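Chemist: Input: one structure, supplied below.
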Amino acid sequence: MAKFTTWDGLELNYTVWEGEGVPVVLQHGIVADTNANWMSVGVVAALRRAGRHVISLDARGHGRSEKPHDAARYSWRAMADDVRALFDELGLDRVALVGYSMGGIISLLVADADQRVERLVIGGIGCGVVDCGGIDWRVINSSDIVDAMTADLARIAPNARMFRILADALGVDREAIAMVATGLNEAPIESLSGITIPTLVLAGDRDPFAAEPERLAAALPDARCVVVSGDHLAAVADPRFSETLVDFLK
């Protein structure tokens, strides 16, 4: 593990596993971190077995990165700029970028803005990106996540309960996550037409936040969709998720 100071002064944590080939950069989903989203479910292990050079960033407000209790420090663009700042910090001129859920939207923004990304994998998101410009607000919105971090469990919307359960299991700073959700209340994706690199869309067959992932793939100029088993939290743990990801990145 290592830390660097990003573009606006926050100290962010990242982890590197040395290997061969174009570096694979991982960006996790909301509430989660490098361990929860990528290590504990076998994604990092699968990439390492393939001999890949892997780098994972703990987003601001998450994991071992700095966690300001100020919604103004969080936005989609800020988090995308953090990923690009990590590329700069490590001197990366070519990357394969993998993002899940919140990290999937961040990765779309990075890929649209940064020519260093030459291959893209996005998981845990679907037609909400096309129809709503980001998170599928028809299923969940930022205020639901805020409530999940601050309200009694019985008062939390059903689709947000998993995030509170995950937060409690990981012992996260719930106030910081509430500020993250407050800051991510915009629809950041205006167009997908500029993302012309090869892209893989991965989604669980029971994931309400990634409905109709084939429509997201169809909206990207060079993308394909693979559906694996599981809901939003379990899909990334399906061995087929890691196998498909590793094969696509060869």
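Chemist: Can you pull out every residue in region 1-18 that is of a type in the set (A, V, I, L, M), part of a loop (DSSP other than H, G, I, E, B) and closer than 23 Å to V236 by Cα?
Modeler: Once the filter is applied, which keeps residues that are of a type in the set (A, V, I, L, M), part of a loop (DSSP other than H, G, I, E, B) and closer than 23 Å to V236 by Cα, region 1-18 yields only M1.
Chemist: At pLDDT 95 or above, in a strand (DSSP E or B) and buried (at least 19 other Cβ atoms within 10 Å of the Cβ): does that describe L200? Walk me through it before giving the result.
Modeler: Numbers: at pLDDT 95 or above: yes; in a strand (DSSP E or B): yes; buried (at least 19 other Cβ atoms within 10 Å of the Cβ): yes.
Spelling it out, L200 is indeed at pLDDT 95 or above, in a strand (DSSP E or B) and buried (at least 19 other Cβ atoms within 10 Å of the Cβ).
Chemist: Need the failing condition index for P188 against (1) of a type outside the set (F, W, Y); (2) in a loop (DSSP other than H, G, I, E, B); (3) crowded, with 20+ Cβ neighbours inside 10 Å, just the number.
Modeler: So the condition that P188 fails would be (3).
Chemist: Sort out which residues of region 24-40 are surrounded by 19 or more Cβ atoms within 10 Å (Cβ to Cβ), in a loop (DSSP other than H, G, I, E, B) and small (G, A, S), and write them in order of number.
Modeler: Answer for region 24-40, where residues must be surrounded by 19 or more Cβ atoms within 10 Å (Cβ to Cβ), in a loop (DSSP other than H, G, I, E, B) and small (G, A, S): G29, A32.
Chemist: Might you let me know whether region 167-178 holds any residue that is within 18 Å of the chain's Cα centre (by Cα), closer than 26 Å to E212 by Cα and open to solvent by less than 10 Å² (accessible area, probe 1.4 Å)?
Modeler: For region 167-178, residues within 18 Å of the chain's Cα centre (by Cα), closer than 26 Å to E212 by Cα and open to solvent by less than 10 Å² (accessible area, probe 1.4 Å): absent.
Chemist: Among the residues of region 41-66, count how many are part of a loop (DSSP other than H, G, I, E, B) and either of a type in the set (K, R) or free of Cβ contacts under 8 Å to residues at least 24 places away in the same chain (or both).
Modeler: Number satisfying all stated conditions: 2.
Chemist: So which of I189, I177 ends up being touching a Leu at 6+ places or on another chain (Cβ under 7 Å) and touching a residue at least 40 places away in the same chain (Cβ under 8 Å)?
Modeler: I189
Chemist: With respect to D152, determine if the residue is modelled with pLDDT under 95 and either open to solvent by 40 Å² or more (accessible area, probe 1.4 Å) or at positive phi (or both).
Modeler: Yes, satisfied.
Chemist: On to the next question. Would you point out the residue of region 1-18, among those that are open to solvent by less than 20 Å² (accessible area, probe 1.4 Å) and among the aliphatic types (A, V, I, L, M), that is farthest from L249 (Cα to Cα)?
Modeler: Restricting to residues being open to solvent by less than 20 Å² (accessible area, probe 1.4 Å) and among the aliphatic types (A, V, I, L, M), the top hit is L10.
Chemist: Whether any residue in region 210-221 is touching a residue at least 24 places away in the same chain (Cβ under 8 Å), touching an Asp or Glu at 6+ places or on another chain (Cβ under 8 Å) and more than 17 Å from S101 (Cα to Cα) is what I want to check.
Modeler: no
Chemist: Still on this structure: Go through (1) assigned to a loop (DSSP other than H, G, I, E, B); (2) open to solvent by 30 Å² or more (accessible area, probe 1.4 Å) one by one and return the number of the condition G21 breaks.
Modeler: Among (1) assigned to a loop (DSSP other than H, G, I, E, B); (2) open to solvent by 30 Å² or more (accessible area, probe 1.4 Å), G21 violates only (1).
Chemist: Taking I135 as meeting all but one of (1) crowded, with 21+ Cβ neighbours inside 10 Å; (2) over 28 Å from I197 (Cβ atoms), write down the number of the exception.
Modeler: All conditions pass for I135, except number (2).
Chemist: Quick one: what pairs do we get from region 68-80, first residue among the basic types (K, R), second surrounded by fewer than 14 Cβ atoms within 10 Å (Cβ to Cβ), C-beta under 8 Å, 6+ apart or different chains?
Modeler: As it stands, the answer is R73/D8, since those pairs meet every condition given.
Chemist: If I ask for residues that are part of a helix (DSSP H, G or I), under 18 Å from A217 (Cβ atoms) and not β-branched (V, I, T), which ones from region 118-161 would you list?
Modeler: G128, D131, C132
Chemist: Here's another thing I want to ask about it. Please work out if V121 is within 16 Å of the chain's Cα centre (by Cα), buried (at least 18 other Cβ atoms within 10 Å of the Cβ) and over 25 Å from M1 (Cβ atoms). Reasoning before the result, please.
Modeler: Details: within 16 Å of the chain's Cα centre (by Cα): yes; buried (at least 18 other Cβ atoms within 10 Å of the Cβ): yes; over 25 Å from M1 (Cβ atoms): no.
Here the answer is no, as V121 does not meet what is asked.
The values are calculated or read from the model by the stated rules, or taken from the named source; none is laboratory data. If you're wondering where the values come from, they're calculated on a predicted model, not measured in any experiment. Because the Cβ atoms are built from the backbone with ideal geometry, glycine has one as well, and the counts that use them run over all protein chains shown. For the accessible areas, the whole protein counts, side chains as well, though only heavy atoms, and no ligand, DNA or RNA atoms are used. Shrake-Rupley method; radii C 1.70, N 1.55, O 1.52, S 1.80 Å.
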